[in-house]
Amino acid sequence: MLARMLDNEIKKVLVIEDEDALFYEIRIGLGDNNISALQSRNVSDAIFKTKNQKFDCIVVDLRLERGEGDEFIDIVRCDPKNLNHKTPIILASGFITKAVLGKVNDQVQDILAKPYSLRDLHSTIEKNILRSKKNLGLAEIEEDYLQVDTRMEESGSTILYIEDERDLAIEIIDELENANLGVVHFTTEKEALKATKDVKFNCIIVDINLEEGKGDSFILKMRNDPDNLNRETPVIMASSHLDINVVNKLGGAIQGGVVKPYSILDLLDRLSRFIPELRKNEDN
């Protein structure tokens, strides 16, 4: 009975992983199996999310752009006020040593070594969610899902962010995620164009000069493809090179722009025109 109930509900998983391309694959693969994946790239952001939102399972890499996965695990497990103090954790990393295993062995429920398959990840997540719910008992399950923190309600909106300046991308992604927006990030025209054919986004932010390809070329290819899922998705140009000729060429293909260096407030102001949840936050 419990297994059937869990099969029919959308499970929420926090994936602490700084490889954006890998997370994109994970997000799509888990989404096909009724699992909603939210990304954190560093320890501080992951701690913030776990304090404010209850997840069914957490998948954590060891090596992150800022901080270590085992540090995150220790903080969550040692904080009884954390909403995910008892949430099952899966260690998924290519850097699993005997010393690490000795440190986290009693704090994690499963281990996957990179490179792992999406099939293995999915089955491991499902197994640990089911085991956790059985251990809790149905009454505690219902209580867990009634714990809604009013400080953080998911908007459900997802942004495609195309930017090849790594430091800027990290800063903007952190700010967008703090505003409760899901972010999928790419640095090249080719990768971004493929993503728009597979996933429907709420808005797209694109730089013009990329490490591979051009932002204006990406926009025109997407707009001219009748089968593209994002043919009519709002696009915001975010570049230090808003050449008037490029702007004229794109015309109505873009819905707004910000010039580098831009502030996160300016960017959120542009986004709020297309994302109702941001307008509600401004009103409050």
Cβ density ranking, 10 Å radius, fewest first, applied to 274, 23 yields 274, 23
For residue 220 and residue 171, what does the FRET efficiency come to when R0 = 30 Å and r is the distance between their Cβ atoms, rounded to the nearest 0.05? 0.60
Beyond a 32 Å Cα-Cα separation, which of these cross-linked pairs lie in this structure: 49/221; 51/190; 133/190; 51/221; 49/200? 49/221; 51/190; 133/190; 51/221
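Under the 0.36 nm per residue contour assumption, what length would be gained going from the current alpha-carbon distance of residue 113 and residue 273 to full extension? Mind showing how you got there, number by number?
Numbers: separation 160, 0.36 × 160 = 57.60 nm, distance 4.28 nm.
Gain in length upon complete extension: 53.3 nm.
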On a full-extension model of 0.36 nm per residue, what is the gain between residue 85 and residue 66, subtracting their alpha-carbon distance, rounded to one decimal in nm? 4.7 nm
Determine, for each peptide in 256-266, 116-126, the mean count of other beta carbons within 10 angstrom over its residues, then list the peptides with the highest first. 116-126, 256-266
Between the range 111-131 and the range 180-210, what is the C-alpha centre distance in whole Å? 27 Å
Evaluate the distance, in nm, between pseudo-label points positioned 7 Å from the Cα of residue 120 and of residue 262 along their respective Cα→Cβ axes. 4.1 nm
Per DSSP, the loop-located trypsin sites (Lys or Arg not before Pro) within the range 180-223 having at most 15 other beta carbons within 10 Å are 200
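Can you tell me the relative contact order of the range 6-65? Whole percent, Cα pairs under 8 Å, sequence separation 6 or more. Walk me through the numbers before you get to the answer.
Details: 79 pairs, mean separation 28.6, N = 60.
Dividing the mean separation by the residue count of the range 6-65 yields 48 percent.
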Kindly state, to the nearest 0.05, the FRET efficiency for residue 178 paired with residue 198, given R0 = 35 Å and r defined as their beta-carbon distance. 0.85
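Compute the relative contact order of the range 158-283 as a whole-number percentage, counting only Cα pairs closer than 8 Å that sit 6 or more residues apart in sequence.
On the way: 196 pairs, mean separation 28.0, N = 126.
Contact order relative to length: 22 percent.
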Paramagnetic reach from residue 249 in the range 202-236 [backbone N under 15 Å; point 7 Å along Cα→Cβ]: 207-210, 213-224
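Every number here is computed from the coordinates shown, using simple stated rules; none is lab data. Every value quoted in this text rests on a predicted model; they were computed, and no experiment measured them. Neighbour counts run over all protein chains shown; Cβ positions are idealised from the backbone, glycine included.
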